[in-house]
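Below is one structure, written out as structure tokens; comments come after it.
The numbers here are math on the coordinates, done by the rules we state, and not lab data. Just so it is clear, the model here is predicted, and its values are computed rather than measured. Glycine gets a Cβ as well: all are built from the backbone with ideal geometry, and neighbour counts include every protein chain shown.
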Amino acid sequence: MASPSGFNQPRHTNDGTPAAARLHALGWWLPERLLPVNDPALLRMVMADLTVAVIVVLTYQGLAVAQGGHGSHEPGGDGQPVAGYLPATSLADLGDRTFIRDHRIQYPCVSGAMANGIASVEIVEAMSRAGMLGFFGSAGLSLDRIDEAISRLQRSLGSQPHGFNLIHSPNESDHEFATADLYIRRGVRLIEASAYLRLTPAVVRFRLHGIHEDEQGRVVTPNRVIAKVSRIEVATRFFSPAPEKIVQELVQAGHLTAAQAELAKRVPVAQDITAEADSGGHTDNRPAITLLPTLLAARDRLQREFGYPEPLRVGLGGGIATPQGVAAAFAMGAAYVVTGSINQACVESGSSDIVRGMLAEAEQADVAMAPAADMFEMGVKVQVLKRGTMFAMRANKLYELYRAYPSLEALPDSERQSLEKNLLRASIEQIWAETSDFFRKRDPRQLVRAAAEPKHRMALVFRWYLGMASRWANAGIADRKVDYQVWCGPAMGAFNEWVKGTAFEKVENRKVASVNYSLLHGAAILNRQMLLRQQGIDMPVEAFDLAPVEPGYVTRAQRESG
């Protein structure tokens, strides 16, 4: 039988005896039907089957792995000394079991809500049916579009776990509040709150709607919030009870009763917070290795301060694209992981085939920061794909013009001509007419302000380009490819490197449930490798196959093989 180099060569003590002899105290293993194996292909199969315990034994040929059989405290017969042990496990064991229980899922994995429906209803359906959690990308969409998505998902999934996005909209607070109101009216129970700089009446109202005490005096909150944050001060606000000022405003407006306002003091705005590290879209480019521990410390501090009966939890998003990244997230204490950029490259995403092809070619350095359409005037930026598009460069040029000039009329002729020819492909007057039509329906107050503030009018025109750049990408408008705004983090490059030479290298094979399941499965296999190392056993890397898999493929293979 072939032997992987290094695995069946036991370590030796100073007196020359096999080091494994010192491990005999672990016991003896006696085979029943299956004999130990050390062939690389068989090792990979054994390690990949997480449902069965693995015993590492010392044979005459060196170390090998075994399954089944039974143990003994005494040597004898065919008994072989046990050098190490791996218990059976499941992917659910990677994360926080209370998170899995509370959200009624099988695996601690979430697909984040990429705006403009990129996180599509198809993604949400696929994730939910695979035992994971998906959020629909409501940001940037009209209330009618969001309502349509709610109707479809309620028809197709019913009570199966799924959620919707609520994004902080400082420039469109009425739309944010109307979106929360729509969720309440349609019976949506779970949202992912993203891009929040502070708490708003919209997110607080959603969280506290229907709050009551049960017969045992426990506070029940039918609505849940998972907040995606990258700053400790924002995390602190979400992990704390809702601000009294906002709560009283909601009481006065008739959205809460006085009794509910009292109950609000006993629950956090969000029980779950996702530490958003260096990600696509809105991001502060925080390193995951420092952000997650910081928010975990905040979690513990606020749990002690408020003494919540239900534990606060922190997950990790941003950079989640490889089994190693997932394993590291859970090793650091994440309750769950959130994927983003890599889902946009899957066949179910609301993006276009052109964009999926561009993402499949991306490397880690092929990203850049550009002004955000929804927070343009504030200087907030988003991370986007740089390779194959000039969007980042052109969007940053717009922000420079916005900072340098008080109005559109003040732009130098050369800048105006370049703007109309290359970016807008129309006159500024034509774009303003189109922009006016949009805000006349969406938020007429913007037009009132633009009439009084020329600089705001300039911002709205520039935001037209930023907003349309995402829509051109999603629709696959070929002659606008140079202007595509594709939200993307460095995770995309890491994912592409991981899947080289596998079926997932081709875009048409990237299915969101398989991608996310494969990350969890690979992380679980890596955990097995680390557990063996902790027992002094260095199994060769060939034994650990991290290649993508279909959900549940190992258990199916085991059943089919008898």
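Could you list, in their original order, any pairs among LYS386/LYS506; LYS386/LYS441; LYS381/LYS421; LYS421/LYS481 whose Cα atoms are separated by more than 23 Å?
Among LYS386/LYS506; LYS386/LYS441; LYS381/LYS421; LYS421/LYS481, the Cα-Cα distance tops 23 Å for LYS386/LYS441; LYS381/LYS421.
Report, to one decimal in Å, the Kirkwood hydrodynamic radius for the stretch 422-562 based on all distinct Cα pairs.
20.1
So which trypsin sites (Lys or Arg not before Pro) in the stretch 216-316 pass both tests, a DSSP loop state and at most 11 other Cβ atoms within 10 Å of the Cβ?
ARG218
Within the stretch 60-113, report the chymotrypsin sites (Phe, Trp or Tyr not before Pro) that DSSP leaves as loop and that have at most 12 other Cβ atoms within 10 Å.
TYR60
Could you give the length gained by full extension between LEU30 and GLU400, i.e. 0.36 nm per residue of separation minus their alpha carbon distance, to one decimal place?
Residue separation times 0.36 nm, minus the Cα-Cα distance, leaves 125.8 nm.
For MET393 and GLU508 in one chain, what is 0.36 nm times their gap in residues minus the Cα-Cα distance, to one decimal in nm?
38.4 nm
In nm, to one decimal, how far is the ILE232 label point from the ASP300 one, both placed 7 Å along Cα→Cβ?
Placing both labels 7 Å beyond Cα along the Cβ direction yields 1.3 nm.
222 nm [θ] for the chain, helices only, -39500 (n - 2.57) per DSSP H run of 4+, per residue, to 500?
Computed mean residue ellipticity for the chain: -12000 deg cm²/dmol.
Using only Cα atoms, tell me the angle between helix 391-404 and the longest principal axis of the chain; keep it within 0 to 90° and round to the nearest 10.
That works out to roughly 40 degrees.
Quick one: if the Förster radius is 22 Å, what FRET efficiency do GLU420 and ALA451 give, using the C-beta to C-beta distance and rounding to 0.05?
The computed FRET efficiency comes out at 0.50.
HIS175 label point, 7 Å along Cα→Cβ, cut-off 14 Å on backbone N: hits in the stretch 470-489?
Backbone N within reach: 470-471.
Note the full-extension length gain between GLU74 and SER407 as 0.36 nm times their separation in residues minus their Cα-Cα distance, in nm to one decimal. Each step should come with its number before you reach the end.
Numbers: separation 333, 0.36 × 333 = 119.88 nm, distance 8.78 nm.
Computed gain between GLU74 and SER407 is 111.1 nm.
If exposed means no more than 13 neighbouring beta carbons inside 10 Å and the site is in a DSSP loop, what's the longest run of the chain without any exposed GluC sites (Glu not before Pro)? Mind showing how you got there, number by number?
On the way: sites that count: GLU32, GLU215, GLU363, GLU409.
Between exposed loop sites, the widest span is 33-214.
How far is helix 428-442 tilted, in degrees, relative to the longest principal axis of the Cα atoms in the chain, given as a value from 0 to 90 rounded to the nearest 10?
For 428-442 against the chain, the angle is about 70 degrees.
Between LEU190 and residues 5 or more places away or on another chain, which pairs have amide H atoms under 5 Å apart, with H built 1.01 Å from N, and which residues are they?
PHE164, ARG224
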